[in-house]
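Trainee: My structure is below; once you've seen it, I'll send some questions.
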Amino acid sequence: MIPVELILLLLSPLFVGFIAWEWYHSKQAVPARYRWQDTLANAVLALLHQGSDMLALLLLMPFFLWLYQFRWFDIELTAGTVAVAFLLQDFLYYWFHRASHHIRWLWASHVTHHSSRLMNFSTALRQSLTYPLSGMWLFWTPMIIAGFSPTTVFAVVALNLAFQFFVHTQAVRSLGVLEWLFNTPSHHRVHHACNPLYIDKNFGGVLIIWDRLFGSFVAELDDEPCRYGITDDFQSDNPLTITFYEWRRMWRDCLAQPSLGGIVRTLFGAPVKPPPATAQKTLSGG
C-alpha cells in the first residue's frame, strides 16, 4: 500500500507535465499566464508544504491512532464505504475551506494559496507549510471518530487535493452539465478572484453541491473577468515572505491589543482585508 504522505509526491510528474503543457500553449496569452519567478516560488512552496505535512503526519499519527480507539463504528473498506469516505471528506473540506476565509488564524495559512496575481496549474502548488500549525487536520478528526482508519482518511484527503490541481487553469472555459455537480476550472477561477462579486465564494473541493446548498455559490460571468490575488497590496516571489506575510501582520496586531479579549478577536475573528474597491488599482492585469 502506498504511504499516504507520498501520494502527492508520486503524482508530481503528472502535475509537472500539465504545467509544462499549459505554459507552452499559453505563451501568446495577454496578459501572460505564467511568470517563471512565480512558478518557481510555487514549486518551492509545494516542497515546503509537503515536507511539513509529512512531518506533521508522523508526529500526529499516535494521536490519530489513540482517537481511533474511540470510534463509533468499525468501517470495513468496500467500494461503498470508500465512496462514503470521499463524500464525507469533501463535505468537511468545504467547511474547512469556508472557515479558512472567515477565521484569521486559518486565513494566515490559506492566504498563501491566494496571494498570486496569476491563475495557472502551478498556482495549485502554492501552499503553506503552516497548515499543520493552524489546525487543518482537526477538520478530518470526525471521520476517524466515525470509524474510518487514519490511513484511509488521509489517503482520501490527498486524493481530494490531487483532484483540485486540475481546476487551477484558464485553459478550460466550461464543462457543460458537469458544472452543476463538480468543482470546475470556471468555479475555481471565481474562488481565486478578488472582484467584489466573487470574493469568498465557491469553497467546494471536488463537488460544488455544498456551495449550492449553503449559499456560497457564484457562477463566472462573461462580463465580469476574474482578477486574481488578494485585496491587499501584496506582491512577492519570496517563498518565506509569501508564507509568513499574514502571520507577521497578525502578530503585530496582537501586540497592539490592550486586552486578552482583543488578542482573541485578532486571532480568531474575521481576517483583516482592505475593501476591494480601494485595492483594485493594484490588482489590474491579474
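Trainee: List the pairs whose first member sits in the stretch 245-266 and is within 15 Å of Ala108 (Cα to Cα), whose second member is of a type in the set (Phe, Trp, Tyr) and in a helix (DSSP H, G or I), and whose Cβ atoms are under 9 Å apart, counting only residues at least 6 apart or on separate chains?
Mentor: Glu246/Trp107; Met250/Trp105; Met250/Trp107
Trainee: Could you identify the single residue in Leu48, Leu60, Leu65 that is of a type outside the set (D, E, K, R), open to solvent by 60 Å² or more (accessible area, probe 1.4 Å) and more than 29 Å from Cys226 (Cβ to Cβ)?
Mentor: Leu65
Trainee: Now, a different point. For the stretch 1-42, which residues satisfy the criterion of being open to solvent by less than 40 Å² (accessible area, probe 1.4 Å) and touching a Lys or Arg at 6+ places or on another chain (Cβ under 9 Å)?
Mentor: Glu22, Ser26, Tyr34, Asp38, Ala41, Asn42
Trainee: Where the second residue is assigned to a helix (DSSP H, G or I) and at pLDDT 95 or above and the first is more than 15 Å from Asn160 (Cα to Cα) and among the charged types (D, E, K, R) and lies in the stretch 185-214, which pairs have Cβ atoms under 6 Å and are six or more apart or on separate chains?
Mentor: Every condition considered, the pairs that remain are Lys201/Val190.
Trainee: OK, next. Could you tell me which residue of the stretch 135-157 is farthest from Tyr34 (Cα to Cα), considering only residues that are of a type outside the set (Phe, Trp, Tyr) and open to solvent by less than 10 Å² (accessible area, probe 1.4 Å)?
Mentor: This residue is Gly147.
Trainee: Still on this model: Inside the stretch 72-85, can you point out the residues that are in contact with a helix residue (DSSP H, G or I) (Cβ under 7 Å, 6 or more places away or on another chain) and open to solvent by 80 Å² or more (accessible area, probe 1.4 Å)?
Mentor: Scanning the stretch 72-85 gives Trp72, Phe73, Leu77.
Trainee: Still on this model: May I ask you to list the residues in the stretch 157-171 that are under 15 Å from Thr123 (Cα atoms) and either free of Cβ contacts under 8 Å to residues at least 24 places away in the same chain or not polar (S, T, N, Q) (or both)?
Mentor: Leu161, Ala162, Phe163, Phe165, Phe166, Val167, His168, Ala171
Trainee: Can you work out which of the residues in the stretch 233-265 that are part of a helix (DSSP H, G or I) and among the polar types (S, T, N, Q) is least open to solvent (accessible area, probe 1.4 Å)?
Mentor: If we take residues in the stretch 233-265 being part of a helix (DSSP H, G or I) and among the polar types (S, T, N, Q), then Thr243 is least open to solvent (accessible area, probe 1.4 Å).
The values are calculated or read from the model by the stated rules, or taken from the named source; none is laboratory data. This one's a predicted model, so the numbers in the text were calculated from it and none came from an experiment. Backbone-built Cβ (ideal geometry, glycine too); neighbour counts: all protein chains shown. We work out accessible area using only protein heavy atoms, side chains counted, and drop any ligands, DNA or RNA first. Shrake-Rupley method; radii C 1.70, N 1.55, O 1.52, S 1.80 Å.
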